[in-house]
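**Student:** Structure incoming, see below.
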Amino acid sequence: MKNLNQADLVVEIQRLKKEKNAVILGHFYQRSEIQDIADFIGDSLQLSQKAAKTNADIIVFAGVHFMAETVKILSPNKKVIIPDPEAGCSLADSCKAEDLEKFIKKHPGHTVISYVNTTAKVKALTDICCTSSNAVQIVNSLPKDEKIIFAPDRNLGNYIKSIVGRENMVIWDGACHVHEEFSVEKLFELKREYPNAKVLAHPECKKVILLLADFIGSTSALLNFSKKDDADTYIVVTESGILHQMQKDNPSKTFIPAPPMDSTCGCNDCIYMKMITLEKIYQSLLTEQPEVILDEELRKKAEKSIIRMLEISERLGL
Ligand code: 13P
Ligand code: SF4
């Protein structure tokens, strides 16, 4: 294998993409250099919408496994490549299909809404998927008296429950390790250091963090807010990859990452998101491996919940 430097890798990736009619889709939590070469970057909802529409033959997914799997569910005839199949998700891991199945049996008559941060097996048990961009609207699209199981993120679930004001929501007790680990003490220290800064937080954060936030939203909502708002400094309480786009879109503003208690870098990285590197993208494009493969019966079952989410989102113009 040739030893390529970063500039060579970028050239080779562009060449291979053209030659193979491939696209790179990437999440906002990816490394900066990957965000810069991706054909499309977005939040989980935007990425699934994009995946449903692309004409490319090969989709290289720069993100974590459940996201690439979602792409494959929506595009069964395309080759979907994940540059590192070990790029998992602690939130998806916190909800095993076997356990959810038992939970559903314990709560008969409930409609199951699951965050897309779940495996295909969990999606197959789900009535409607949601992301942090559309969770409120998805819940509100159901009649007020319809009983709901919301899985797997307890922080997002409780936050949504507080907004929609319905008591008939049972929430699965799962969480994302990245968003759970933000330190309230460190956030207070940053607020004291930057008294004029606004706090932007992702709804996967704990309630105590959300109570300190000036704005709460999905990664794309946080990004949009930072563009439209007139403050000049922001403390950002979500995975640090998003700061790259925020800084790019707002060169004159200052963005400060909020850290967990024991952070050495002063920020909070998702180890899984950061497993994807330029080198791995290059290798995966070259070899067209590792490919996401799904059992067709499972894919069909899982697809229904994502299609329902996309239909509701489209109807509501999200
Ligand atoms: P969104 O992209 O929906 O903001 O979700 C963030 C996330 O945790 C993905 O891992
Ligand atoms: Fe999963 Fe959390 Fe990483 Fe998102 S940030 S991929 S929810 S572990």
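**Student:** Go through the stretch 134-153 and give me each residue that's surrounded by fewer than 22 Cβ atoms within 10 Å (Cβ to Cβ) and of a type outside the set (S, T, N, Q).
**Tutor:** Val136, Leu142, Pro143, Lys144, Asp145, Glu146, Lys147
**Student:** Looking at (1) under 29 Å from Asn196 (Cβ atoms); (2) loosely packed, with under 15 Cβ neighbours inside 10 Å; (3) within 16 Å of ligand 2 (Cβ to nearest atom), which one does Ile271 not meet, given that it meets all the others?
**Tutor:** Single failed check for Ile271: (1).
**Student:** So, in the stretch 254-274, of the ones that are modelled with pLDDT of 95 or more and touching a strand residue (DSSP E or B) at 6+ places or on another chain (Cβ under 7 Å), which residue ends up nearest to ligand 1 (Cβ to nearest atom)?
**Tutor:** Selected residue: Met273.
**Student:** Which members of the stretch 211-223 meet the condition of being within 14 Å of ligand 1 (Cβ to nearest atom) and touching a helix residue (DSSP H, G or I) at 6+ places or on another chain (Cβ under 9 Å)?
**Tutor:** Passing the criteria: Phe215, Ile216, Gly217, Ser218, Thr219, Ser220, Leu222, Leu223.
**Student:** Another question, then. Just for the stretch 292-314: of the residues that are touching a strand residue (DSSP E or B) at 6+ places or on another chain (Cβ under 7 Å) and not β-branched (Val, Ile, Thr), which one is nearest to Asp127 (Cα to Cα)?
**Tutor:** Ser305
**Student:** If you don't mind, there's one more thing I want to ask. Search the stretch 46-80 for residues being of a type in the set (Ser, Thr, Tyr) and more than 16 Å from ligand 1 (Cβ to nearest atom), and hand back the single one that is nearest to Val23 (Cα to Cα).
**Tutor:** Thr54
**Student:** I would also like to ask the following. Mind telling me which of the residues Ala175, Ala124 ends up being among the small types (Gly, Ala, Ser), within 30 Å of Phe40 (Cβ to Cβ) and out of contact with any Ser or Thr (no Cβ under 7 Å at 6 or more places or on another chain)?
**Tutor:** Residue meeting the stated conditions: Ala124.
**Student:** When you scan the stretch 164-259 for strands (runs of 3 or more DSSP E) that lie fully inside it, which ones turn up with 1 or more residues that are touching a residue at least 24 places away in the same chain (Cβ under 8 Å), buried (at least 22 other Cβ atoms within 10 Å of the Cβ) and of a type in the set (A, V, I, L, M)?
**Tutor:** It comes to 198-201, 233-237.
**Student:** In the stretch 74-92, what residues are within 11 Å of Thr119 (Cα to Cα) and either touching a Ser or Thr at 6+ places or on another chain (Cβ under 9 Å) or among the hydroxyl-bearing types (Ser, Thr, Tyr) (or both)? Steps first, please.
**Tutor:** Keep residues of the stretch 74-92 that are within 11 Å of Thr119 (Cα to Cα), which gives 88-89, 91-92.
Within the stretch 74-92, Cys89, Leu91, Ala92 qualify.
**Student:** So, one more: Any residue that is in contact with a Phe, Trp or Tyr (Cβ under 7 Å, 6 or more places away or on another chain) and not hydrophobic (A, V, I, L, M, F, W, C) - is there at least one of those in the stretch 82-91?
**Tutor:** Looking through the stretch 82-91, at least one residue is in contact with a Phe, Trp or Tyr (Cβ under 7 Å, 6 or more places away or on another chain) and not hydrophobic (A, V, I, L, M, F, W, C).
**Student:** Which of the residues that make up the stretch 19-34 are away from ligand 2 (no atom under 15 Å from the Cβ), assigned to a helix (DSSP H, G or I) and either touching a residue at least 12 places away in the same chain (Cβ under 8 Å) or surrounded by 23 or more Cβ atoms within 10 Å (Cβ to Cβ) (or both)?
**Tutor:** Listed by number, the residues that qualify are Ser32, Glu33.
**Student:** Leu16 fails exactly one of the following numbered conditions: (1) farther than 20 Å from Gly241 by Cα; (2) surrounded by fewer than 16 Cβ atoms within 10 Å (Cβ to Cβ). What is the number of that condition?
**Tutor:** With respect to (1) farther than 20 Å from Gly241 by Cα; (2) surrounded by fewer than 16 Cβ atoms within 10 Å (Cβ to Cβ), Leu16 is out only on (2).
**Student:** In the stretch 46-58, what residues are over 19 Å from Asn117 (Cα atoms) and outside any loop (DSSP other than H, G, I, E, B)? Quick ask: steps written out before the conclusion?
**Tutor:** Taking the stretch 46-58 and keeping what is over 19 Å from Asn117 (Cα atoms), we get 53-58.
Answer for the stretch 46-58, where residues must be over 19 Å from Asn117 (Cα atoms) and outside any loop (DSSP other than H, G, I, E, B): Lys53, Ile58.
**Student:** Another question about this same structure. Within the stretch 120-133, track down each residue that is surrounded by fewer than 24 Cβ atoms within 10 Å (Cβ to Cβ) and more than 9 Å from ligand 1 (Cβ to nearest atom).
**Tutor:** Ala120, Lys121, Ala124, Leu125, Asp127, Ile128
**Student:** On to the next question. Within the stretch 63-98, count every residue that is buried (at least 24 other Cβ atoms within 10 Å of the Cβ) and more than 17 Å from Ser48 (Cα to Cα).
**Tutor:** Count: 2.
The values are calculated or read from the model by the stated rules, or taken from the named source; none is laboratory data. Computed from a predicted model, the values in this text were never measured in an experiment. Note that each Cβ is placed from the backbone with ideal geometry, even for glycine, and that neighbours are counted across all protein chains shown.
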